[in-house]
Amino acid sequence: MKKVFLLMMVVLQIVTFSGCWNRREVNDLVIALAFGIDMTEDKDIQLTVQAVVPRKLGQDGSEGNATVTYTETGSTLFEALRKLNTVSSQKIYIGHIQLIVFGESIAREGIQKAIDFLERDHEFRRQAVPVVTKNMSAKELLEIESIYEALPAVHIVNMLGNNDAVGFSRDMTLLDVFEEFNSTGNNLVTGIVTKRGPELPQYVKGLRTQGTAVFDGEHLVGFLNPYETRGYLWVVGEIGSGILVIPHEGLPAELISLEIIRTQSKMDVEIIDDQIILKVDIKEEGNIGGQRSPHDKTDAAEISYLERKKEELITHEVTEVFDIAQNQLKVDFFGFGELLHKKHPQLWKEIQEDWNDIFAECPVEIKVETKIRGTGQILSPSLDE
Amino acid sequence: MGKQVQISAYQFTVLLMGFIVGSTGIIIPGSRAGQDAWLAYILGWLGGFLLFSIYLSLYQRHPGKTLVEIHQVLLGKWLGNAVSILYIWYFLHLGTLVLRNFVEYTITISLPETPLWFMAIFSAVIVAYSVKSGLEVTSRTAELLVPLTFVFNLGITLLLSPYMEYKNLLPFLEHGMPPVLEASLSVLTFPFGEAVIFLMIFPYVNQGKALKKSFVTAFLLAGVLLLSATFRDIMVLGETGIERTIFPPHLSTKRIPFLNLDPFIGVMFYVTGGTKMCICYLAATMGIAQLTKSKDHRVFVYPIGVLLVGLSLWIYPNIAEMLRWAIEVWPYYSIPFQIIIPIVLLIISMVQGNRKTSKNSS
Amino acid sequence: MFRKITGIMKYLKYSPANRHSLTPIPKDVEEKLGLDIETTKKRLDEIFHHNEGLIIRPFKIRTFPRNRSFICYIEGLVDTDAMELNVLKPLMNQDISPFLGIKTSKTITSVLVEEMITSVNTFLVGSLNQVVDELLKGGTVIIVDESPSAVVISATHWETRGVTEPSAETVIRGPREGFNEDITTNITLIRRKVKSPKLKFECITRGIYSKTNLAICYIDGIASPKIVEEVKSRIEKINIDVVLESGYIEEFIDDQPFSTFPTVGTTEKPDVVVGKIFEGRVAILCDGTPFVLTVPHLAVEHLQTSEDYYIKWPFATTLRIFRLLALVLTATLPAVYVGVQTFHHEIIPFKLFLSIVSSREPIPLSSLTEALLMIVIFKLINEAGIRMPKAVGQAISIVGAIVLGQGVVEAGIASPLMIIIVALTAITSFVVPGLQNSIFLIRILLLLLASIVGFYGIAFGLIFIFVYMCNLRSFGVPYLSPFAPTSVEDLEDTLIRAPLWTLLIKRR
């Protein structure tokens, strides 16, 4: 019976002395919204954290944003983060990170240094949105304020997410970064943030989130502009929606905008006579969204013209991006290598090492099929002649 | 012997299901085969059927007898008891592994600062309470909770279905059969072969004839569940994801946006892993009770429990060692217990049976 | 210190079998009725010394003028009108001596019973002890000089509460009558619903001083004879001075005296009792209380109400699922809150998390303290509200709602979310009233565990409770059946309420 008493004592001890360990009250935490990772000139890691100021959250009419940024450098990311605790008032909590910014400096140097901690830590939010800055540092980005949102990081995340409607950036999470970073035969492509003008803007609205950054392994090697990005998205089949603008038949100044409704694309590799052929098969459906000319474009012949034009445009966008990949950057960021690995594992083993070079030489076959489904609520434009 | 405790065939099925899913639910069985893990799994699964049939036919030759008693009958008193002691150690060791696994999981996933010993004691106390209450109560609790984990697992698989890419199953047999076979051996020994422990439980099932049916049901259900989990994780994570992470199923649930299931997975693991721990623990205490010819296994619950917790803390210095052991040593360590001894026993039993029948006929 | 604890532990090991023989039963000494009426009278006076209620009225029986006699009863227990009309009037007015043969004083009393007294319930008793017993039960006793037996006329009459709607178990659809404090009325209420000789009532008197009537009620052929025997033997072992309420019985016949779950059911409604006895249960009625016990009592009964069987089955099923939901919520909600607040921040959606953060920002207490404080405050308000006179009850609710609820938030002691949690917990706890007290303990346990290791603590606590509940039995029936051990055919009246025809066909 003494056993029971002892057990009770142990339980009591546990209850009373276990106040520490992993126990953290919400108000004992500094809630980090965004991580910005830069590389200093001394090759140290500079970490900028945008954190919530809860006091400013609930009140109406409080001035400015409800955030604060802390910056600290360290030889590793983890060290910098721990050092930040000495700057911030409470322990920094990273379970609700929304945005993770890789500064251009660290992206060029190699993101491996940053990613490992993110992947290893048990708490870091895997659904955070990754982004790479262009022509600015992560610290600068995170210090920009937002007018509309109380939390600038959320504003940036929303901006990136809204690219879904135009197809100018990539919609991805940190998990995708891990996956693409670790896969063989594929390279990372992430969204970017850059400033609109030459000056660093005061507010988030002065930023641009169109375009993508291309990595070779862990190094940033180049950027794609919005239309090249769309070309990339056509190939990998991640395009959600977008507007394709086509010149009017005969009147090149009069433009017609077509909305992308549904797309489907398929990448494939084929080996014919020891030659690896890269194949892209894109199917697209869309509607007429608006036109600048008063000419009716809705009869059957005109629609087939529009479809043809659209096909040309898409093919053009895709060819452009292949040109960049094969001739300028010489990096396979589509993942054809991965496909090859899956389809021809033996061959892949032999050429794995210099796949990027081989990739640059491969012929590409692009097949595009387009359709126009609807014309909106009107049949012909006003002032139809 | 005191076999008044009776559990129904259904309870037995549930126990067996919980046991098989056990701690396997948070790792991918046969993950060493990369994207071919499913194939390794299926091979191991089929082998599991075969092994369990051996155990069952061994039991059916000696109905109403536990493993310890079968040893005594077939191997004689001294040798039999020695083998029994080895088995009891094996069960205890298995329980220890599961306990450590669970603790390691919770600590890696969500409570890194909580000390190992605390989680170990905390989880072992409840298991000990359940064991102390006896097989009947354990199986009733299992009956209540194990089906929930199945529903939960199914739900996760459904939620993850948009993120599955069948391409991740390719290339098929990239490195040929050897790694697959090697992985299938580890699947066979963990979890299917571990069911050798049920030789201690068989005599307590009140519908001895339904054993075959329940075993097939349990193997099918639990096997399909694990198979679907294997496919799910391979398709969601891909080869590298599986090979690089410690607990792949946990990582794949991170794919579900706006939903963080961390602690729930841990809890579900505790239900099935706890069932497994209970069975190991029960088998060990009952084995000792039968060896020492004491009527009540309850006396041994606390000492064994202390041993269980102590061993689980002491047995590995770190998680890397734990994984190495589980993958590289465990399959070979298990072979004598799971395969060789039962087959030898079955052969001896058959030879003896033949001799007896021939004696009777002559 | 240790010895004290071991003493307590010893008590913990008490099983229902040896829990009863705490005080020895004093044996009554048989006391013969004296032949002399004066001695009897004196003796009665002695027994009822300082007990003003005993009325003794001497009178002469006209038929036997030589034998002195008196009638005695206890004031307030007896229907005096009936006595006058049916007893005194015939005895004092009629002379039937011409029709009688030999008259000895020994047979006088039987002549009285057989030929003169017109009351229905009239019989003879032979000893003084019985006379006293009958008097106390409300009988009227006639004692005749030189007669070895006394006549008892049992025509009791006292004020009882009417058959009203019970306040705790109100229904929207279904009979509104409830039991009252009179066991005879209660038996009648049950009898009126079951017109079959299979309905059995077995009466036992318990309580050395209170001599309370108990009735064990079951349907012969449906109730398992083993359980009936078990109930009888357990009740027979009860040996206490006074039985005031069925709760006394409940505590004595409980399987697990230290269980925090009720393993004996109580109800105030005859239709519920009849429903239960037709499910094979045994009901125990106790004089002096409207609460009837039913055994065996299983956990699943808390999800069922009598009304479930009076409304259409899909609705009843929905209600039961909501009851289960309420049960889960009321037990775990504060613990989940604390777990989320202190361990698992990441499982809350981001926007909700932000609003929690901003609402909790000014609060100095840890969320465990906050939760415990609010739960305790609520429990106190609740307890006060029950004991208060109805008129003051309103004031309590105002104090509770406005002063504490709003005040606590404005003072920055608890966050608004905590108030919502506590309010939800409170409301849901009323959905399963039978388990309220057990759930309260569970809630606190889970809360503490959640504050140590978060959701793992909750899970450990819940599994512990499951194991504990699996350990419980009520009169040999596992407490969690039909869930564990699962019996598929019995599941149709648990979470789902299958259509009545399927339920009733099987029951036949």
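Considering only residues that are within 18 Å of the chain's Cα centre (by Cα), within 19 Å of C:GLY476 (Cβ to Cβ), aliphatic (A, V, I, L, M) and assigned to a strand (DSSP E or B), which ones fall in the stretch C:183-241?
Scanning the stretch C:183-241 gives a single hit, C:ILE216.
How many residues, within the stretch B:242-263, are within 12 Å of chain C (Cβ to nearest Cβ), more than 16 Å from B:ARG232 (Cβ to Cβ) and surrounded by fewer than 24 Cβ atoms within 10 Å (Cβ to Cβ)?
4
Take the residues in the stretch C:39-89 that are among the hydroxyl-bearing types (Ser, Thr, Tyr) and in a helix (DSSP H, G or I), then tell me which one is farthest from C:GLN130 (Cα to Cα).
By that ranking, first place goes to C:THR80.
Just to verify a result, which residue in the stretch A:239-266, among those that are touching a Ser or Thr at 6+ places or on another chain (Cβ under 9 Å) and among the acidic types (Asp, Glu), is nearest to B:LYS167 (Cα to Cα)?
The residue in question is A:GLU259.
Return only the number of the condition from (1) of a type in the set (A, V, I, L, M); (2) in contact with a Ser or Thr (Cβ under 8 Å, 6 or more places away or on another chain); (3) assigned to a helix (DSSP H, G or I) that A:LEU233 does not satisfy.
(2)
May I ask you to list the residues in the stretch A:301-346 that are within 14 Å of chain B (Cβ to nearest Cβ) and among the basic types (Lys, Arg)?
A:LYS342, A:LYS343
Would you pick out the residues in the stretch C:366-378 that are within 14 Å of C:ILE421 (Cβ to Cβ) and within 8 Å of chain A (Cβ to nearest Cβ)?
Hit for the stretch C:366-378 is C:SER367, nothing else.
Among the residues of the stretch B:312-322, is there at least one that is of a type outside the set (Val, Ile, Thr), under 30 Å from B:LEU181 (Cβ atoms) and not in a helix (DSSP H, G or I)?
Yes, the stretch B:312-322 contains a residue that is of a type outside the set (Val, Ile, Thr), under 30 Å from B:LEU181 (Cβ atoms) and not in a helix (DSSP H, G or I).
If I filter the stretch C:332-350 for residues that are assigned to a loop (DSSP other than H, G, I, E, B), within 14 Å of another protein chain (Cβ to nearest Cβ) and of a type in the set (A, V, I, L, M), do I get at least one hit?
Checked against the condition, which is being assigned to a loop (DSSP other than H, G, I, E, B), within 14 Å of another protein chain (Cβ to nearest Cβ) and of a type in the set (A, V, I, L, M), the stretch C:332-350 yields at least one hit.
Give me a count of the residues in the stretch B:321-362 that are polar (S, T, N, Q) and modelled with pLDDT under 80.
6
Consider the stretch C:371-412. How many of its residues are in a loop (DSSP other than H, G, I, E, B) and on the phi < 0 side of the Ramachandran plot?
3
So which of C:THR330, C:THR318, C:THR305, C:THR369 ends up being modelled with pLDDT of 90 or more and out of contact with any helix residue (DSSP H, G or I) (no Cβ under 6 Å at 6 or more places or on another chain)?
Being modelled with pLDDT of 90 or more and out of contact with any helix residue (DSSP H, G or I) (no Cβ under 6 Å at 6 or more places or on another chain) holds for just one of C:THR330, C:THR318, C:THR305, C:THR369, which is C:THR318.
Yes/no per residue for (1) within 14 Å of chain A (Cβ to nearest Cβ); (2) crowded, with 24+ Cβ neighbours inside 10 Å; (3) β-branched (Val, Ile, Thr):
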position	(1), (2), (3)
B:GLY95	no, yes, no
B:THR106	yes, yes, yes
B:ILE109	yes, no, yes
B:VAL146	no, yes, yes
B:GLY155	no, no, no
B:LEU158	no, no, no
B:TYR163	yes, no, no
B:HIS175	yes, no, no
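Out of C:ILE396, C:ILE363, C:ILE413, C:ILE381, report the one residue that is in contact with a Gly (Cβ under 9 Å, 6 or more places away or on another chain), at pLDDT 80 or above, more than 14 Å from every other protein chain (Cβ to nearest Cβ) and surrounded by 15 or more Cβ atoms within 10 Å (Cβ to Cβ).
The match here is C:ILE381.
Of all the residues that make up the stretch C:444-474, how many are surrounded by 22 or more Cβ atoms within 10 Å (Cβ to Cβ) and more than 12 Å from chain B (Cβ to nearest Cβ)?
Number satisfying all stated conditions: 4.
Return yes when C:ALA326 is buried (at least 22 other Cβ atoms within 10 Å of the Cβ) and either touching a residue at least 60 places away in the same chain (Cβ under 8 Å) or not in a helix (DSSP H, G or I) (or both) and no when it is not.
no
Return the residue satisfying two criteria in turn: it lies in the stretch C:482-508 and is in the same structural domain as C:ALA331 (by TED's automatic domain parsing) and buried (at least 21 other Cβ atoms within 10 Å of the Cβ), and of such residues it is modelled with the lowest pLDDT.
Ranking the candidates gives C:ALA484 first.
Evaluate the stretch C:214-222: report whether one residue or more is free of Cβ contacts under 8 Å to residues at least 24 places away in the same chain and touching an Asp or Glu at 6+ places or on another chain (Cβ under 6 Å).
Looking for residues that are free of Cβ contacts under 8 Å to residues at least 24 places away in the same chain and touching an Asp or Glu at 6+ places or on another chain (Cβ under 6 Å), one finds none in the stretch C:214-222, hence no.
I'd like to verify a number: residues in the stretch A:142-164 that are in a helix (DSSP H, G or I) and either at pLDDT 85 or above or among the polar types (S, T, N, Q) (or both), how many?
Count: 13.
Since A:GLY167 meets every condition but one in (1) within 14 Å of chain B (Cβ to nearest Cβ); (2) part of a loop (DSSP other than H, G, I, E, B); (3) more than 26 Å from A:TYR93 (Cα to Cα), which condition does it not meet?
All conditions pass for A:GLY167, except number (1).
For the stretch B:256-310, give me each residue that is of a type in the set (Lys, Arg) and closer than 17 Å to B:ASN101 by Cβ.
B:LYS276
Out of A:GLU270, A:GLU254, which single residue is free of Cβ contacts under 8 Å to residues at least 40 places away in the same chain and either crowded, with 19+ Cβ neighbours inside 10 Å or more than 23 Å from A:PHE168 (Cα to Cα) (or both)?
A:GLU270
Can you name every residue in the stretch C:254-276 that is farther than 22 Å from C:ILE439 by Cβ and in a loop (DSSP other than H, G, I, E, B)?
Hit for the stretch C:254-276 is C:LYS269, nothing else.
For (1) within 14 Å of chain C (Cβ to nearest Cβ); (2) in a loop (DSSP other than H, G, I, E, B), each residue gets a yes or a no:
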position: B:VAL5; (1), (2): yes, yes
position: B:GLY18; (1), (2): yes, no
position: B:ALA33; (1), (2): no, no
position: B:TRP38; (1), (2): no, no
position: B:LEU43; (1), (2): no, no
position: B:GLY47; (1), (2): no, no
position: B:ILE54; (1), (2): no, no
position: B:SER57; (1), (2): no, no
position: B:GLU69; (1), (2): no, no
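Could you tell me which residue of the stretch C:475-484 is farthest from C:ILE444 (Cα to Cα), considering only residues that are touching a strand residue (DSSP E or B) at 6+ places or on another chain (Cβ under 8 Å) and more than 7 Å from chain B (Cβ to nearest Cβ)?
The residue in question is C:PHE475.
Do we have A:ILE156 as over 16 Å from A:ALA213 (Cα atoms) and in contact with a strand residue (DSSP E or B) (Cβ under 9 Å, 6 or more places away or on another chain) here?
Spelling it out, A:ILE156 is indeed over 16 Å from A:ALA213 (Cα atoms) and in contact with a strand residue (DSSP E or B) (Cβ under 9 Å, 6 or more places away or on another chain).
Among the strands (runs of 3 or more DSSP E) contained in the stretch C:90-160, which hold 3 or more residues that are among the small types (Gly, Ala, Ser)?
Result: empty, no element qualifies.
The values are calculated or read from the model by the stated rules, or taken from the named source; none is laboratory data. Nothing here was measured: the structure is a model prediction, and the numbers come from that model. Positions of Cβ are backbone-derived with ideal geometry, glycine not excepted, and every protein chain shown enters the neighbour counts.
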